[in-house]
1. I need the full set of residues from segment 121-172 which are of a type in the set (Ser, Thr, Tyr) and in contact (Cβ under 8 Å) with a residue 40 or more places away in the chain, in order please.
2. Return the total of residues in segment 110-161 being under 21 Å from Leu29 (Cβ atoms) and touching a Gly at 6+ places or on another chain (Cβ under 6 Å).
3. Anything in segment 160-169 that is outside any helix (DSSP H, G or I) and within 13 Å of the ligand (Cβ to nearest atom)? List them, or say none.
4. Between a residue in segment 91-117 that is part of a helix (DSSP H, G or I) and any residue that is of a type in the set (S, T, N, Q) and near the ligand (Cβ under 8 Å from one of its atoms), which pairs come within a Cβ distance under 6 Å, given they are 6 or more apart or on different chains?
5. Is it the case, given these coordinates, that Asn173 is within 11 Å of the ligand (Cβ to nearest atom), closer than 19 Å to Met25 by Cα and surrounded by fewer than 18 Cβ atoms within 10 Å (Cβ to Cβ)?
6. Here is a check on your reading of the model: is Leu54 more than 13 Å from the ligand (Cβ to nearest atom), touching a residue at least 12 places away in the same chain (Cβ under 8 Å) and more than 22 Å from Glu181 (Cβ to Cβ)?
7. Starting from residues that are surrounded by 14 or more Cβ atoms within 10 Å (Cβ to Cβ), of a type in the set (A, V, I, L, M) and within 16 Å of the ligand (Cβ to nearest atom), keep the ones in segment 81-137 and report whichever is nearest to Leu154 (Cα to Cα).
8. Can you confirm whether segment 74-84 contains a residue that is assigned to a helix (DSSP H, G or I) and under 28 Å from Asn131 (Cα atoms)?
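Any read-out appearing in this document is the output of simple, stated calculations on the displayed coordinates, not a laboratory observation. Every value quoted in this text rests on a predicted model; they were computed, and no experiment measured them. We place every Cβ from the backbone using ideal geometry, glycine too, and count neighbours over all the protein chains shown.
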Amino acid sequence: DAAEISLKDIDQLAKSSFPLCMRHMLDKLRENHHLKHGGRMQFGLFLKGAGLKLEDALAFWRAEFSQKVGSERFDKEYAYSIRHNYGKEGKRTDYTPYSCQKIISATPGVGDHHGCPYRHFGEENLRAALNRMGVSGHALEEIMDKVKNRHYQLACTLTFEATHGVSCDSGINHPNQYFSESQKILQ
Ligand code: SF4
């Protein structure tokens, strides 16, 4: 996992290899030029785990946030926490990306976009999001069935299988695992 991803590839990688939770946050960030704290943590640490270097991470968040709050305020209020996530500030802890279990147990409030879509989206939203990933018909109904039975990671695993055309025997338990298994198949 010494792989690196570069800034210019993020949107394309999101389409091919990000799990739904991370696609959703990228969409919302592009749309609103902002993500609340929970989203910045969940998505920021995922990108770090996927191999986005600190300098690229700062450029990535600055490009969006500066459209909303201005680059000066970005540098003053938000850049610190990004460096912090990379262990460059404060206690210099190198923070690890969140597991599915942690993300599923989050309690996103109004205006939050973090969490697990299989757990936190309403049925109609989830169906529409899966349709946008190209999942429909029997595969979609199987996924919705797992969701009804509260097997969110199994639902995500079935989505992986439907969108990659292969079986994923290990099952999905981490967004960065989803990403790296996808990249293994596509590269
Ligand atoms: Fe993300 Fe894990 Fe939920 Fe899949 S199961 S959407 S990887 S949190």
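1. Scanning segment 121-172 gives Tyr152, Thr159.
2. Going through segment 110-161 one residue at a time, the tally reaches 3.
3. Listed by number, the list holds a single entry, Cys168.
4. What qualifies is Cys100/Gln153; Cys100/Asn173.
5. On the way: within 11 Å of the ligand (Cβ to nearest atom): yes; closer than 19 Å to Met25 by Cα: yes; surrounded by fewer than 18 Cβ atoms within 10 Å (Cβ to Cβ): yes.
Here the answer is yes, as Asn173 does meet what is asked.
6. Values: more than 13 Å from the ligand (Cβ to nearest atom): yes; touching a residue at least 12 places away in the same chain (Cβ under 8 Å): yes; more than 22 Å from Glu181 (Cβ to Cβ): yes.
It is true that Leu54 is more than 13 Å from the ligand (Cβ to nearest atom), touching a residue at least 12 places away in the same chain (Cβ under 8 Å) and more than 22 Å from Glu181 (Cβ to Cβ).
7. Keep residues of segment 81-137 that are surrounded by 14 or more Cβ atoms within 10 Å (Cβ to Cβ), which gives 81-87, 89, 95, 97-100, 103-104, 106, 108, 112-121, 126-127, 129-130, 133, 135.
Subset that is of a type in the set (A, V, I, L, M): 82, 103-104, 106, 126, 129-130, 133, 135.
Right, trim to within 16 Å of the ligand (Cβ to nearest atom) and you get 103-104, 106, 126, 129-130, 133, 135.
Working: Ile103: 15, Ile104: 12, Ala106: 18, Leu126: 15, Ala129: 17, Leu130: 14, Met133: 17, Val135: 15 Å.
Looking at residues that are surrounded by 14 or more Cβ atoms within 10 Å (Cβ to Cβ), of a type in the set (A, V, I, L, M) and within 16 Å of the ligand (Cβ to nearest atom), I get Ile104.
8. No, that holds for no residue.
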